[in-house]
Amino acid sequence: MIISTIFGAMSVAIIVIIAASAALVIGGFLSYFLWDKALRSKSRKIIKEAEAEAEVIRKDKILQAKEKFLQLKGEHEKEINERSNKLITAENKFKQKEISLSQRIEENQRKRKETEVIRENLQVQMDLVEKRSEELDKMHKQQVEQLEAISGLSAEDAKNQLTESLRAEAKTEAMSEINEIMEEARMTASKEAKRIVVQTVQRVATETAIENSVTVFNIDNDEIKGRIIGREGRNIRALEAATGVEIIVDDTPEAIILSAFDPVRRETARLALHQLVTDGRIHPARIEEIVQKTQKQIEEEIVEVGKRTAIDLGIHGLHPEIIRLIGKMKYRSSYGQNLLQHSREVANLSAIMASELGLNPKLAKRAGLLHDIGKVPDDEPELPHAILGMKIAEKYKEKPEVCNAIGAHHDEIEMTSLLSPIIQVCDAISGARPGARREVVESYIKRLKDLEDLALQHPGVMKTYAIQAGRELRVIVGSEKVSDEDAEKLSYEISQKIQNEMTYPGQIKITVIRETRAINYAK
């Protein structure tokens, strides 16, 4: 019983195991089948997506290839068109040149033919002229022979009689002409006198110009000139480069001329030269050092002069730059008159006149001091000094009345205040122009005297006159000693000698005058 029970239990267990095994195998087969089906389905889907994406990429590449092909085709066609245009242009130019060359050849041939025709015509005319000239000579001889036969006089006798007759007639006409000239001279005497005065003013004005552009530096002896010049001129070149002043070392005893249009530079050069000569050490390095120190001293002195001027006149509140410009007036001149003295005088006159008229004297004095400030700026633009001074005053916040008085004192702008005519009148009152300094006048006269003496040394020269402020030399020669050809040669020799032996500004005109005078006395 137990055994049968055991066998029965074992049979059930075996059946269960077999059933489980069969179920496991069947489940495995089902799972593999389902997984394989799903995997194949997914693979097909991926393959379709890859094929679709590949198709899209293929189409894009085809489009890009087409676009690249079209672009290359367009560029190629453009290059071909450009080359074609260049070829056409070159061909047109070549054709134009060919046409122009053909036209020139035809023109030259035409001109050559015309020239040959003209040459032939000229030859014919010259032959005709020669024939007519010979005929005229024959006719002239025949007429002279006929006249001699009719008059019973020879040609020489007839010529003498005609000369006497013409001489008598010329004397009569000359006396009549002299009377007319004398009468005209009496009528135009006033005009001629004015012309002479104007010429005199022009000649005298040259001395003022010299005074305004040169400074004479006096030295103890002429040995210092060599030290200033230096070995091979290095010292004088260094001094001219550092100061911007032309230094003239000539035969003038115990003097050196400093030439420059800027008086501040001239004063800098003068003071630097004074220190160098006093110190005794003159070489390029020392020159640069002294010039720099002197320039600083001049700048300090300019500011100090401007402050002292403003304090002396009782003018306050001026901008520092305007004070510096006032100080620079000390080194400027206006038609020979020191600009600072002129401005101070105008300031005082303006204050007095404004007080008498019941106006503000301080404002008038301020405008009078600043009225010529446009003459001393550093940059010096191309503007009238009155307009430039007005712009400077406006820049540094001066009052409108002062600015208008500065700009209107030469009528460049309209006067808008009562101060403007006062400044204009006081500027005219202070317009006294002193002459040049004594040293410059003596140097100037000596140069003219040397010029005359140099020409007087030549043989045949009787008198010499330096005129036009030394710009012209008149040389009077004797007609019996110097011929016309010799006069031309003499003027050349004098000009060459002046160039080699003298130092002078500008150029000198040499005029040689040869005249014959016949003098008789009525008793």
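The values are calculated or read from the model by the stated rules, or taken from the named source; none is laboratory data. Note that the coordinates shown come from a computational prediction; the quantities given were computed from them, not determined experimentally. Methodologically, a virtual Cβ is constructed for each residue, glycine included, from the backbone with ideal geometry; neighbour enumeration extends over all protein chains shown. What goes into the accessible areas is simple: the full protein's heavy atoms, side chains included, and nothing from ligands, DNA or RNA. Shrake-Rupley method; radii C 1.70, N 1.55, O 1.52, S 1.80 Å.
In the range 363-373 there is at least one residue that is over 18 Å from MET329 (Cβ atoms) and either surrounded by fewer than 20 Cβ atoms within 10 Å (Cβ to Cβ) or at pLDDT 85 or above (or both). If you check ILE302, ILE322, ILE315, ILE311 for being open to solvent by 50 Å² or more (accessible area, probe 1.4 Å) and of a type in the set (Val, Ile, Thr), only one passes: ILE311. When GLN161, GLN109 are checked against the criterion of being at pLDDT below 85 and either open to solvent by 100 Å² or more (accessible area, probe 1.4 Å) or polar (S, T, N, Q) (or both), GLN161 stands alone in meeting it. Here SER479 fulfils each of the conditions (1) open to solvent by 80 Å² or more (accessible area, probe 1.4 Å); (2) in contact (Cβ under 8 Å) with a residue 12 or more places away in the chain apart from (1).
Of the listed requirements (1) farther than 24 Å from ARG265 by Cβ; (2) open to solvent by 40 Å² or more (accessible area, probe 1.4 Å); (3) of a type in the set (S, T, N, Q), SER350 misses just one: (2). Might you check whether a residue that is in a strand (DSSP E or B), at pLDDT below 75 and among the hydroxyl-bearing types (Ser, Thr, Tyr) occurs anywhere in the range 212-222? Looking through the range 212-222, at least one residue is in a strand (DSSP E or B), at pLDDT below 75 and among the hydroxyl-bearing types (Ser, Thr, Tyr). Candidates are the residues of the range 374-392 that are in contact (Cβ under 8 Å) with a residue 40 or more places away in the chain and not charged (D, E, K, R); the one that is surrounded by the most Cβ atoms within 10 Å (Cβ to Cβ) is VAL376. Among residues that are assigned to a helix (DSSP H, G or I), within 14 Å of GLU515 (Cα to Cα) and aliphatic (A, V, I, L, M), ALA487 is included. Hey, any hits in the range 367-389 for a residue that's touching a strand residue (DSSP E or B) at 6+ places or on another chain (Cβ under 8 Å) and among the acidic types (Asp, Glu)? Yes, there is a match, as at least one residue in the range 367-389 is touching a strand residue (DSSP E or B) at 6+ places or on another chain (Cβ under 8 Å) and among the acidic types (Asp, Glu).
Selection over the range 309-337 of residues that are assigned to a helix (DSSP H, G or I) and more than 24 Å from GLN275 (Cβ to Cβ) gives a count of 12.
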